[in-house]
Structure formats: structure tokens, C-alpha cells
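Heads up, the thing below is written out as C-alpha cells.
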């Protein structure tokens, strides 16, 4: 008998922070799949932040011109010129707020992943809430730029939010 086959320690109740009973392997696999994806998003954020830190002491305009030329575009064309003007603005900004936001996002993803991996109610609630916050923005994007990818993002995110909300709802209520 593994530790996941045991009932949760302490009183089982709706919203309990105790681990959920592993009612079946499929439920645990689903939670751990979601947790793995959340941890992946946190890792990507950490890597993006590290990349941003690596560019702090570089001439961003020169790096962007080099990348634009590498993909075969001319820096004077409309869209590359727009990008370069934005980069020139960013070069004079204090990036500490952006790095703080990236760090907070990554920490949230890792905390959520831990809560989901261990089957905690707070992890499921955090996952449902944080995923649900994106749905209006995803729907707005889909309405203005419909695509198969945008449709897939909304469907998968809504499915994950619905699944986590359902798991929270079916937890036993207090005695």
C-alpha cells in the first residue's frame, strides 16, 4: 500500500488543506499532469528572466538589429523598425519591476504545481482560480483573432479549470 492509498490525515472536509484521497489512479495522473505543466511554465519563466538578466548590460538595439538581419529582414522595414523603437524605449527602463513580476509568476506556478502534485485542496483552488483568470483574456483574443491554436488554448484551459473546480466541489463537506 503506497502513501497515496491512505486516507488523508486529519478531518476530511471540503476545502481541507489535507491531501485528497487517491480515489483512482486516473485522478492522480490528471493532477500530476497539470502539476507538471504548471512547473514547466514556472521553469520557462525562470529561463526567460535569466535571459533578460543576461541582456541587461548589452546594447539591446545592436542585439535586435543582429537578430533581425539573421532572419533576413531589413531593420528599416516597417515591423522591424517598430520593434527597434520599442527596444530603444525598453533600454532606458528599470527592469527590476519586470524581473520581480517574472519571479512572482514563476513562484506562483511552482507553488501551484506542488499543491496539485500532492493533491492539496489549496493547490486545486489556486489552479482553478489562476487558470480561470486567463479565460476572459483568452476569449477576447479568440474573438479578435480566431485561430485553431486560440481555440485549443481556451478549450484546454477551461477543461482544466472545470476539472479542478469539480474536484473541489466533490470533496466531502465538514461533518
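Listed values, structure above:
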{"read-out": "So residue 114, is it part of a helix (DSSP H, G or I), modelled with pLDDT of 95 or more and touching a strand residue (DSSP E or B) at 6+ places or on another chain (Cβ under 9 Å)", "value": "yes"}
{"read-out": "Hits in the stretch 119-132 (condition: farther than 16 Å from residue 42 by Cβ and either under 17 Å from the mean Cα position of the chain (by Cα) or surrounded by fewer than 19 Cβ atoms within 10 Å (Cβ to Cβ) (or both))", "value": "122, 124, 125, 128, 129, 132"}
{"read-out": "Counted residues, the stretch 77-95 - those being farther than 19 Å from residue 48 by Cα, assigned to a loop (DSSP other than H, G, I, E, B) and at pLDDT below 85", "value": "1"}
{"read-out": "Hey, residue 67 within 27 Å of the chain's Cα centre (by Cα), over 30 Å from residue 161 (Cα atoms) and assigned to a helix (DSSP H, G or I) or not", "value": "no"}
{"read-out": "Residue check for residue 31: at pLDDT 85 or above and surrounded by 15 or more Cβ atoms within 10 Å (Cβ to Cβ)", "value": "yes"}
{"read-out": "Residues being within 21 Å of residue 42 (Cα to Cα) and touching a helix residue (DSSP H, G or I) at 6+ places or on another chain (Cβ under 9 Å) - total across the stretch 133-149", "value": "3"}
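The values are calculated or read from the model by the stated rules, or taken from the named source; none is laboratory data. Computed from a predicted structure; not experimentally measured. Ideal geometry is used to build each Cβ from the backbone, glycine not excepted, and the neighbour counts take in all protein chains shown.
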